[in-house]
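The values are calculated or read from the model by the stated rules, or taken from the named source; none is laboratory data. The structure presented is a predicted model; accordingly, all values stated were derived computationally and were not measured. Cβ coordinates were reconstructed from backbone atoms using ideal geometry, including for glycine residues, and neighbour counts include every protein chain displayed. With ligands, DNA and RNA removed, areas are computed over all heavy atoms of the protein, side chains included. Shrake-Rupley method; radii C 1.70, N 1.55, O 1.52, S 1.80 Å.
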Amino acid sequence: MSGANAIIERALELYFAGIQCEVWEKLLPSGWIKKLVLKGDLILYENIKCRKTLENYRPEDYTQESLKAKGWKKV
C-alpha cells in the first residue's frame, strides 16, 4: 500500500502545484488577521486570532502520527 500512497501523494502534489492562487492578509487593530486565498472561482476566507513561530520545540511532538492523534488534519 505504501507504493500506492506515494503515487497518490505525488499526483496530488502535481495537481495542486498547477493551481495558481493569490493570498492577501490584513492585520486588524484587535490583533486578528483576516486572510483571503483567491483560487480561480474559489475564495477561502479565514479569521486568525493568533499566529506564532516556534523556535525551540520538540520535533517528536510534531510528527504526522502525534498530530493526527491530537486531532490535527493535514490539508
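How many Å² of accessible area per residue for the range 20-74, probe 1.4 Å?
97
For a quick size check, give me the Cα extents of the chain along its three principal axes, largest first, whole Å.
Per principal axis, max minus min of the Cα coordinates gives 49, 37, 21 Å.
Report in % the part of the accessible area of the chain that belongs to carbon and sulfur, leaving out ligands and nucleic acids; probe 1.4 Å.
The nonpolar share, carbon plus sulfur, comes to 59 percent.
Rounded to the nearest 10 Å², what accessible area does CYS50 show when all protein chains are kept and the probe is 1.4 Å?
80
Going by a ≥ b ≥ c, the root eigenvalues of the Cα gyration tensor, does the range 10-49 fall in the rounded group (a/c under 1.5), the prolate group (a/b larger than b/c) or the oblate group? Spell out each step's value before the answer.
Numbers: a/c = 3.76, a/b = 2.58, b/c = 1.46.
Prolate.
Using the Cα centre of the range 20-74 as origin and beta-carbon charges of +1 (Lys, Arg) and -1 (Asp, Glu), tell me which of TRP32, THR53, SER66 is placed farthest towards the positive end of the dipole.
Going by the charge dipole, the pick is TRP32.
Could you tell me the relative contact order of the chain? Use alpha-carbon pairs under 8 Å, at least six residues apart, and round to a whole percent.
Worked out over the chain, it gives 16 percent.
How large is the helix-only mean residue ellipticity at 222 nm for the chain, computed as the sum of -39500 (n - 2.57) over DSSP H runs with n ≥ 4, divided by its residue count, in deg cm²/dmol to the nearest 500? All intermediate terms of the calculation are to be shown ahead of the outcome.
Working: 2 runs with 22 residues, N = 75.
It comes out at -9000 deg cm²/dmol, rounded to the nearest 500.
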